[in-house]
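Notes to accompany the following structure.
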Amino acid sequence: MNTTDKKLADAQAAAAVSMAEARESACEAKTAVTDAASAAKESAADKLGDIKDAAADKLGDIKDAAADKLGDIKDAAADKLGDIKDAAADKFGDIKDAAADKLGDVKENGSDILDKVKGFAADILHKGAAGAENLADKLDN
C-alpha cells in the first residue's frame with residue numbers, strides 16, 4: 001500500500017470512528033432532550049393540576065359565600081314580606097271596622113228615616129181617615 005492509500009484508509013477509519021461517535025452523541029442528545037421534555041411535561045401537568053385545584057377551591061369558596069349572601073337576602077326579604085303582610089292586615093282590619101261602623105250608621109240613619117216616613121204616612125192616613133169620617137158625618141146630617 002502506498003502512502004496515499006494508507007492515508008486514505010486511515011482517514012476512512014477515522015471518519016468511521018467519528019461517525020459512530022457522532023451517532024452515539026446524537027442518540028445521547030436525543031435521549032437527554034426526550035428526558036428533559038418529559039420532565040417539563042410532568043412539571044407543567046403538576047403545575048396545571050395545582051392551578052386547577054386552587055381555582056376549584058376558590059370557586060367553591062365564592063359559591064359558598066354567594067349562597068350565604070343569597071340566603072341572607074332571602075331571609076331579609078321574608079322578614080320584610082311578613083312585616084308588610086302584618087301591616088296590611090292591620091290596615092285592612094281598620095278599614096273593615098270603619099266600613100262596618102259606617103254601614104251601621106247608614107242602617108241607623110236609614111231606619112230613622114224609614115220610621116219618620118212610616119210615621120208621616122201613618123199621620124196622613126190617620127188624618128185622611130178622620131177627614132173621611134167628618135165628611136161622612138156631614139153627609140149623613
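Since every read-out is calculated from the coordinates, none of them should be taken as a lab result. Since the model is a prediction, treat every value here as computed from it, not as a measurement. Please note: Cβ atoms are built from the backbone with ideal geometry, for glycine as well, and neighbour counts cover all protein chains shown.
Figure the gain on full extension for Asp83 and Asp115 (residue separation times 0.36 nm, minus the Cα-Cα span) and round it to one decimal in nm. Let's see the in-between values first.
Values: separation 32, 0.36 × 32 = 11.52 nm, distance 4.74 nm.
6.8 nm is the gain from fully extending Asp83 to Asp115.
How far, in degrees from 0 to 90, does helix 3-140 lean away from the longest principal axis of the Cα atoms of the chain, to the nearest 10?
0 degrees
Treating each Cα of the chain as an identical point scatterer and ignoring solvent, apply the Debye formula and state log10 I(q)/I(0) at q = 0.12, 0.17, 0.22 Å⁻¹.
For the chain, the Cα-only Debye profile gives -0.93, -1.09, -1.22.
Please give every one of the lysines within straight-line cross-link reach of Lys85, meaning a C-alpha to C-alpha distance under 22 Å, and leave out same-chain neighbours fewer than 8 residues apart.
Lys74, Lys96
Set the Förster distance to 41 Å, then compute FRET efficiency between Ile51 and Glu24 from the Cβ-Cβ distance, nearest 0.05.
0.55
What are the radius of gyration and Dmax of the range 77-117, computed over its Cα atoms and given in Å?
17.5, 58
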